[in-house]
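Just below is one structure, and these are the notes that go with it.
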Amino acid sequence: PLPASLQKAEKAMRMFGMQIARRMLLTGEPVAAQEAYRRGGVLAIVPKAQLRDAAMALAAKIAGKSAKAVQLAKWSINGIELLDVKQSYRFEQGFTFELNLAGVADEARDAFVATGENADFSDEADG
């Protein structure tokens with residue numbers, strides 16, 4: 001079956017290249033997990049029995065970061081998706097500036113300088 005929505009064609013082209021995206025959209029054929037992994041479309045391929053543990057490990061890693069930084073990083077990456085390089089850079093700089101004003105960057109840098117490790121933000125309140 002063909003996809004009911006073609007709204008993700010641009011994402012498929014960025015992730016898999018024009019020819020694979022074209023094949024997917026015209027035939028309805030999925031991309032194999034191994035090919036998606038090779039092209040950076042998925043982070044890992046794990047057995048179904050290990051999927052929850054792998055997801056929880058990634059979630060714990062993200063949860064250990066500054067909630068403010070994670071929120072702004074998500075807004076940044078979502079916001080630049082369709083922008084050209086110059087506009088993307090300017091957009092991202094606004095979030096970098098906000099993190100600097102909030103002191104998050106200073107805290108992360110100071111922790112790294114003092115210990116050689118990343119700052120632990122795991123007990124930080126959301127946002």
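The values are calculated or read from the model by the stated rules, or taken from the named source; none is laboratory data. Every value quoted in this text rests on a predicted model; they were computed, and no experiment measured them. A quick note on method: Cβ atoms are made from the backbone with ideal geometry, for glycine too, and the neighbour counts reach across all protein chains shown. With ligands, DNA and RNA removed, areas are computed over all heavy atoms of the protein, side chains included. Shrake-Rupley method; radii C 1.70, N 1.55, O 1.52, S 1.80 Å.
Brief remarks on what is shown
- Within straight-line cross-link reach of LYS48, lysines at Cα separation under 28 Å, skipping those fewer than 8 residues along the same chain: LYS8, LYS11, LYS61, LYS65, LYS74
- The relative contact order of the chain comes to 21 percent, based on Cα pairs under 8 Å that sit 6 or more residues apart.
- The stretch 79-127 and the stretch 9-44 have Cα centres lying 30 Å from one another.
- Seen against the Cα atoms of the chain and their longest principal axis, helix 51-63 is set at about 40 degrees.
- Computing Cα extents along the principal axes in Å for the structure here picks out one of (i) 54, 42, 24; (ii) 47, 36, 23; (iii) 51, 34, 28, namely (i).
- Using a probe of 1.4 Å on the protein chains alone, the accessible area found for ILE45 is around 90 Å².
- Taking each residue as 0.36 nm, the span from ASP123 to ARG109 lengthens on full extension beyond its C-alpha to C-alpha distance by 3.3 nm.
- Dipole magnitude of the stretch 74-126, debye to nearest 20 (Cβ charges: Lys/Arg +1, Asp/Glu -1, about Cα centre): 400
- Ranking VAL85, GLY103, MET24 by Cα position along the charge dipole of the stretch 1-104, where only Lys, Arg, Asp and Glu carry charges on their C-beta atoms, puts MET24 farthest toward the positive end.
- For ALA60 and ARG14, the FRET efficiency from 1/(1 + (r/R0)^6), where r spans their Cβ atoms and R0 equals 30 Å, is about 0.60.
- The local environment of GLY40, defined by Cβ-Cβ distances under 13 Å, has a net charge of +3 under the rule Lys, Arg +1 and Asp, Glu -1.
- Taking each residue as 0.36 nm, the span from ARG39 to LYS86 lengthens on full extension beyond its C-alpha to C-alpha distance by 14.4 nm.
- Taken about its Cα centre, the stretch 6-116 carries a charge dipole of about 420 debye when Lys and Arg each add +1 at the Cβ and Asp and Glu each add -1 at the Cβ.
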